[in-house]
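Notes follow the structure.
The values are calculated or read from the model by the stated rules, or taken from the named source; none is laboratory data. Keep in mind that this is a model prediction, so the values were computed, not measured. Here the Cβ positions follow ideal geometry from the backbone for every residue, glycine too, while neighbour counts run over all protein chains shown. Please note that ligands, DNA and RNA were not included when accessible areas were found on the heavy atoms of the full protein model with its side chains. Shrake-Rupley method; radii C 1.70, N 1.55, O 1.52, S 1.80 Å.
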Amino acid sequence: TGAAPGPTGTKQDGHEQRGAAPAAAGTVLDGQERREAAPGAAPGTTGTVQDGQEQAGSSPGMHRVLSMDATLAPRDPRAPGQFGHPVAVPDDKQEEAKSRWKEGNFNAYLSDLIPVDRAIADTRPAGCSEQQVHDDLPSTSVIMCFVDEVWSALLRSVHSVLSRSPPRLLEEIILVDDCSSKEYLKQQLDTYMSRFPKVKVLHLRERHGLIRARLAGAEIATGAVLTFLDSHVECNVGWLEPLLERVRLRRTKVACPVIEVISDRDMSYMTVDNFQRGIFTWPMNFGWRQIPQEVIEKNNIKETDIIRCPVMAGGLFSIDKKYFSELGMYDPGLDVWGGENMEISFKVWMCGGEIEIVPCSRVGHIFRNDNPYSFPKDRVRTVERNLARVAEVWLDEYKELFYGHAYHLLHSVDVGDLSQQIQLRQRLRCKTFRWYLHNVYPDLEAPLVKASGQLANAALAGCIAVQGTSLAFEECDTKSTNQKFNYTWLRLVQHGELCLAPAGVLGAVGLRPCQGRNRSLAWLHRALASVQPGLVSDHPRLPQPACLEVDAAFRALRVRGCDPRNRHQ
Ligand code: LR7
Ligand code: MN
């Protein structure tokens with residue numbers, strides 16, 4: 001489940017910030033386009049008029065972004081949760097609230113208590129409300145798919161879209177019911193929504209999973225732009241126009257709002273730190289990473305500036321409908337949940353588009369610790385299989401890094417047929433993953449081999465060397481290329497085209513042509529019982545664990561059962 005970005009004042013996952021090289025400015029900022037996107041930043045538009053109507057100083061064909069400020073003055077200002085304030089469960093309702101937690105893995109009791117059209121604070125950075133957008137923005141279909149969503153959370157999501165989107169730009173809201181089991185999501189939902197002509201409910205007759213459910217929604221959408229949202233969100237003041245402005249500027253821009261945090265416990269609406277990019281770490285874990293302070297200062301990046309992201313979080317974005325279709329939408333072979341955000345991100349960047357976060361567009365999302373719905377098959381396996389499909393299609397030689405960090409998948413995962421996806425990539429003439437790393441995500445550490453150097457045994461003061469096509473054990477010499485090996489992510493000990501290999505059940509060790517997925521050539525580099533790390537063979541027919549050792553008498557190599565006291569291993 002996606003990690004919540006830190007609410008203001010809290011720290012992000014420390015490990016993802018550590019050692020991050022400052023991103024090249026060009027990959028973060030979209031500098032030249034700033035002026036084009038927001039000519040209203042010109043002096044003369046600093047008035048504090050609230051209604052966002054056309055005013056003196058606006059450029060021809062443009063208007064100040066509409067705030068729909070009526071939603072800041074709610075029907076019932078004293079209702080619980082109003083303005084996004086936290087709500088406490090009354091003492092005599094604790095049990096009820098607790099027993100209802102599982103309904104959505106958040107506080108469903110409180111969600112029901114607060115108004116479905118509550119006001120939330122306008123959290124946009126200063127300057128956003130003065131920005132100018134074009135009068136001829138494209139209209140959008142909002143697509144929200146859900147399975148067994150909490151009633152009030154779903155309604156609040158829909159109301160936030162209806163009341164905070166300029167009607168002209170909202171073509172429709174398509175609710176895709178991914179075969180929910182809850183009764184209220186059938187007739188009762190249809191009845192409730194029938195009073196809003198723009199809201200359409202599509203009931204899927206079998207569980208599609210969120211990826212194929214979104215595709216089913218996209219299929220019937222009529223807007224020029226598709227805007228995907230989760231079903232437990234609250235769109236904030238002025239959220240839509242800045243997203244559509246980016247798509248209008250260039251149809252290959254995919255625009256994401258800043259995702260703010262609706263607390264799963266007290267339903268409060270919290271803003272998040274600025275300057276966060278969507279990134280991933282191996283093996284394709286999504287995360288947020290702050291742009292380093294020095295980069296912000298050096299490039300004079302402002303809070304309202306567009307942030308280019310290596311990957312998107314997944315749930316909330318606007319994309320030109322025709323462009324989405326040209327990209328082949330999502331790989332329909334992805335099941336239930338997960339990985340589709342990586343797929344669409346790599347696809348967009350490598351095939352000529354861009355992923356952006358638009359700081360003037362803000363949408364709250366209820367972050368929770370676990371999926372509240374069941375997975376038809378095993379959850380972990382489903383997500384891993386999705387990721388492996390993405391790795392196989394998009395990562396080129398770098399897929400070894402994925403498998404190196406999720407090695408158990410190398411021999412166990414069945415990714416299914418990928419021919420359509422591979423053909424699509426060829427047809428679109430997409431760039432390589434190497435290009436992506438270089439140009440979009442240069443701060444990711446992605447060395448193609450895990451380590452390289454000598455294989456030494458300290459006790460015998462010698463190193464393994466290649467002599468022709470066989471092995472020797474000789475005096476270490478850092479200058480000798482014969483002693484140089486690579487340790488690959490697939491756990492091969494490689495010298496050129498040859499790999500260190502147990503020669504069979506007898507325990508001899510030699511060289512064989514390398515093969516990436518061959519377990520009998522794989523070696524685990526690890527320390528057994530706190531001695532120096534050694535090489536443990538992964539050969540399926542050797543007794544485990546079997547360690548590489550030097551036969552001191554013959555100075556030959558062999559594998560034997562691991563023994564922490566044996567200093568020749
Ligand atoms: O089988 C399913 N069918 C569905 O219709 C499973 C889920 N869904 C619906 C579900 O009801 C919800 O509305 O799909 C939507 C997303 O599911 P969540 O809310 O369980 O996902 P999430 O918020 O935990 O996870 C994030 O990553 C997902 C990876 O597949 C999706 O891309 C989600 O849309 C995405 N959410 C966000 O980007 C919000 C910010 C989270 C972060 C970081
Ligand atoms: Mn979600």
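So here's what we get for this one:
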{"quantity": "Of residues in the range 530-543 being surrounded by 12 or more Cβ atoms within 10 Å (Cβ to Cβ) and polar (S, T, N, Q), the one modelled with the lowest pLDDT", "calculated": "Q532"}
{"quantity": "Unmet requirement for S99, which otherwise passes all of (1) polar (S, T, N, Q); (2) closer than 23 Å to A70 by Cβ; (3) open to solvent by 70 Å² or more (accessible area, probe 1.4 Å)", "calculated": "(2)"}
{"quantity": "Subset of the range 270-285 that is farther than 29 Å from A224 by Cα and within 16 Å of ligand 2 (Cβ to nearest atom) - its residue that is nearest to the chain's Cα centre (by Cα)", "calculated": "V272"}
{"quantity": "Options D148, D122; residue that is within 16 Å of ligand 2 (Cβ to nearest atom), touching a residue at least 24 places away in the same chain (Cβ under 8 Å) and open to solvent by 30 Å² or more (accessible area, probe 1.4 Å)", "calculated": "D148"}
{"quantity": "Candidates V176, V142, V161, filtered to the one that is in contact with a His (Cβ under 9 Å, 6 or more places away or on another chain) and either at pLDDT 95 or above or within 26 Å of K321 (Cα to Cα) (or both)", "calculated": "V176"}
{"quantity": "Residue list for the range 334-372, filter: in contact with a strand residue (DSSP E or B) (Cβ under 9 Å, 6 or more places away or on another chain), within 15 Å of ligand 2 (Cβ to nearest atom) and of a type in the set (F, W, Y)", "calculated": "F367"}
{"quantity": "Filter pass, P359 being more than 30 Å from Q426 (Cα to Cα) and more than 14 Å from ligand 1 (Cβ to nearest atom)", "calculated": "yes"}
{"quantity": "Residue check, L316 surrounded by 20 or more Cβ atoms within 10 Å (Cβ to Cβ) and under 17 Å from I357 (Cα atoms)", "calculated": "yes"}
{"quantity": "Any hit, the range 419-427, residues being more than 26 Å from L490 (Cβ to Cβ) and either outside any helix (DSSP H, G or I) or open to solvent by less than 80 Å² (accessible area, probe 1.4 Å) (or both)", "calculated": "yes"}
{"quantity": "Out of D91, D136, sole residue that is more than 32 Å from the chain's Cα centre (by Cα) and surrounded by fewer than 17 Cβ atoms within 10 Å (Cβ to Cβ)", "calculated": "D91"}
{"quantity": "Failed item in (1) without any contact (Cβ under 8 Å) to a residue 60 or more places away in the chain; (2) out of contact with any Cys (no Cβ under 6 Å at 6 or more places or on another chain), with V440 passing the rest", "calculated": "(1)"}
{"quantity": "Residue within the range 303-321 that is away from ligand 2 (no atom under 16 Å from the Cβ), in contact with a strand residue (DSSP E or B) (Cβ under 9 Å, 6 or more places away or on another chain), at pLDDT 95 or above and in a helix (DSSP H, G or I) present", "calculated": "yes"}
{"quantity": "Members of the range 246-281 found to be within 25 Å of Y330 (Cβ to Cβ) and outside any strand (DSSP E or B), listed by number", "calculated": "R246, V247, R248, L249, R250, R251, T252"}
{"quantity": "W288 being within 16 Å of ligand 2 (Cβ to nearest atom) and farther than 23 Å from L169 by Cβ", "calculated": "yes"}
{"quantity": "Enumeration of residues in the range 70-96 that are more than 16 Å from E234 (Cβ to Cβ) and not in a loop (DSSP other than H, G, I, E, B)", "calculated": "D91, D92, K93, Q94, E95, E96"}
{"quantity": "Matching residues, the range 287-303, being open to solvent by less than 30 Å² (accessible area, probe 1.4 Å) and farther than 30 Å from L334 by Cα", "calculated": "I291, V295, I296, I301"}
{"quantity": "Options L210, L229, L244: the member that is within 16 Å of ligand 2 (Cβ to nearest atom), in contact with a helix residue (DSSP H, G or I) (Cβ under 7 Å, 6 or more places away or on another chain), open to solvent by less than 40 Å² (accessible area, probe 1.4 Å) and aliphatic (A, V, I, L, M)", "calculated": "L229"}
{"quantity": "Matching residues, the range 141-167, being more than 19 Å from E219 (Cα to Cα) and in contact with a Ser or Thr (Cβ under 7 Å, 6 or more places away or on another chain)", "calculated": "D148, E149, V150, S152, A153, L154, S157, S163, R164"}
{"quantity": "Every residue from the range 375-384 that is near ligand 1 (Cβ under 9 Å from one of its atoms) and either under 11 Å from D264 (Cβ atoms) or surrounded by fewer than 17 Cβ atoms within 10 Å (Cβ to Cβ) (or both)", "calculated": "P376"}
